[in-house]
Amino acid sequence: MLVYHLPGTFETREAHLDLLWEAGATGLEERAGLIRAYFDAPADVHPDIADGEWQEEAEQDWQAEFRRTLRPVKAGRLTIVPPWLVQEVEAGQVPLIIEPGMAFGTGHHATTRMAVEALSELDLAGLRVLDVGTGSGVLAIAAALLGADHAVGVDIDPITIPIARENAEINSVPARRSRFEEGSLGLGDADWQDRPFDVLVANLYAELHDLLAGEYAAHMQADAPLILTGILTGKLPLVREALEREGFGAVQVREDGEWVLLTARA
Ligand code: SAM
C-alpha cells in the first residue's frame, strides 16, 4: 500500500486537498498531525504539496484486526462472546454468542451491556419479553437464555432481522421461544403486539423513548418492568418526564460514562 504523508491537518491544508485528489489519491485520512493520502501507484504531485514523503506500508487486514481485539463481555449472569471465544467464558456464566456483523449489539457498547445486566437481575421464567430496536437480537436472545418463555425482537431496519434470527439459532434458542420481525410500536398493528408483554426492553435514544413512552405503556402488563437505554446523561430529564407523563413508577437510574439506563414499572 502506497501512502503519501503530508505534514498538517485537513484544516491547515484545506486548500491542498484537491491537489491530492488530482494527483490520483484514492483516499485521504488525517492522523497525528499528518494527512495520509493513499495511492495505487506513485504519482507526480503539485509543487504546493511537494513537502510530503512517500512510504510503502504493509497492508492491514482491518477485519482480522477487529476480530483479534474483541474480548468477552460479562453482563450479569451472561457473557457476550463472538463464536470463536466461547471457550473463554468462565464457569457458571451463560454464553450469549453474537456473530459481529452489520447489526448493532455485540455487547461492546455500554448500553447493550447495561441492558443485559438489567435483564439478568429479573426472574424471567415463563414471561413474554419485547425488545424494541433488536439489532443483532442480543437483548431478546439474552431474555430467552435467562428463561423467558418467549422473546420478541422488532426493528425498523430489515437488514437486522435475518441476523437476529441467525444469532438466536447459534444460541440454540428455538423459533418457538423467539421471534424477530421488521416493525415497531406505533407503526400499525401486527400480530406480535396482540397481547401485552411482561417485560419491555429498548436500547434506542432519548427522543424516541419520549415519542414511544405511551406505546410502551399500552403494550405492557400492569406493574411490568421496563428497561430503557441508549440515553445520553444530558437527555435523562426528557425520558424521565415522558415516563412520569405515561404513569410509570419506581424509576431508577444507572450510569456508565455518558450513558444512562433507566428501569421503571408500568
Ligand atoms: N438492541 C441492540 C442492543 O442493545 O445492542 C441494538 C440497539 S441499536 C442502539 C438500536 C436499534 O434500533 C437499531 O438496530 C435500529 O435499527 C433500531 N431502531 C431505530 N429506530 C427504531 C424504531 N422506531 N423502532 C424499532 N427499532 C428502531
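Values for this structure:
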item: Cleavage-rule hits, GluC sites (Glu not before Pro), the range 26-100, DSSP coil, Cβ neighbours within 10 Å at most 13; result: Glu57, Glu59, Glu90
item: Pairwise FRET efficiency - Thr69 versus Asp157, Cβ, R0 = 25 Å, nearest 0.05; result: 0.50
item: Sequence ranges 13-20, 112-119, ranked by mean other-Cβ count within 10 angstrom, highest first; result: 112-119, 13-20
item: Value of relative contact order over the range 140-266, rounded to a whole percent, pairs C-alpha under 8 Å and six or more apart; result: 20
item: The chain - percent relative contact order, Cα under 8 Å, separation 6 or more; result: 12
item: Descending Cα extents along the principal axes, the range 64-265, whole Å; result: 46, 37, 30
item: Calculated P(r) tail over 17 Å for the range 2-59, as whole % of Cα pairs; result: 24
item: Hull-based mean projected area of the range 140-212, where the convex hull spans the alpha carbons, in square nanometres; result: 5.1
item: Amide H contacts under 5 Å for Ile35, placed H, 5+ residues apart; result: Leu6, Gly8
item: Rounded FRET efficiency, nearest 0.05, which uses the C-beta distance separating Val253 from Val94 and R0 of 25 Å; result: 0.40
item: Computed lengthening from Ala32 to Gln221, 0.36 nm per intervening residue step minus Cα-Cα distance; result: 62.7 nm
item: Helix-only [θ]222 nm of the chain, DSSP H runs n ≥ 4, -39500 (n - 2.57) each, per residue, nearest 500; result: -7500 deg cm²/dmol
item: For Trp21, Trp192, order by how many other beta-carbon atoms lie within 10 Å, fewest first; result: Trp21, Trp192
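Laboratory data are not the source of any read-out in this text; all were calculated from the coordinates shown. This is a predicted model, so every value here is computed, not measured. Note: ideal-geometry Cβ built from the backbone for every residue, glycine included; neighbour counts use all protein chains shown.
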